[in-house]
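A short write-up of the structure that comes next.
Read-outs throughout are calculated quantities, based only on the coordinates presented, and are distinct from any laboratory measurement. Source: prediction; values computed, not measured. Cβ atoms come from the backbone with ideal geometry, glycine included; neighbour counts cover every protein chain shown.
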């Protein structure tokens, strides 16, 4: 419920989308967005989007001193506020049933090997891949790939098999001055994989290719084992803003890298 307290709190979105209401203003959050609320900051986080979201919350020790549940129209409109200010949690949560065990059909607890530590490690691997792609660093990219990795990318026909082949392909692609832009938001798949959905565009011999994209990312031995494009990605509208400029022609391979506007995992 919408509240403030003397202690600071931090929130890390692990998957899905949610809505932050802070000091009466609304902000949409997605995977790997982080929010820090200093002591005295009025806030609440509610679910948003079409599926569940998972948020890791961390607070300071020492009890919840200064806790006040505030009346805020934006929070009330989302079912996450009180009609009358109170300092009693029992009054603030009176409209909800008592807490109890919950059987999850999806999310961290329901996935094979779906402990929070494993999930965080997998998100960290994909985020490291995203950062390497953004920096055009083939050496860094190779460190998160399994020796027998298989890459099926929109920007490359066929499969790139093996870490050495992927390293060589990306080194040559990054050196070609080819351009790729796009974004993808990861969610948990049914088999412990991550599913990333978004939009991709890349230059193919100077011609801009632009389409919705969806990838399944699998893991093995603590590394990325495969990135597989979907043959029938979801239909998505193009993000607002001007289209990228036309790229120069080059004889080098086509490059694939993504550049989302926030630190979110992505792939080509």
field: Footprinting exposure proxy for 200, 82 (fewest neighbouring C-beta atoms within 10 Å first)
entry: 82, 200
- prompt: Taking other Cβ within 10 Å of each residue's Cβ, how do 230, 155 sort, fewest first?
  reply: 230, 155
task: Enter the Cα centre distance for the pair the range 142-176 and the range 14-43, rounded to the nearest angstrom.
output: 36 Å
- request: Only Cα pairs under 8 Å and at least 6 apart count here; give the relative contact order of the range 3-100 as a rounded whole percent.
  value: 31 percent
message: Can you tell me the length gained on complete extension of the stretch residue 165 to residue 137, counting 0.36 nm per residue apart and subtracting the Cα distance?
response: 8.6 nm
- request: Give the residues of the range 7-29 whose amide nitrogen is closer than 17 Å to a point set 7 Å from the Cα of residue 71 in the direction of its Cβ.
  value: 24
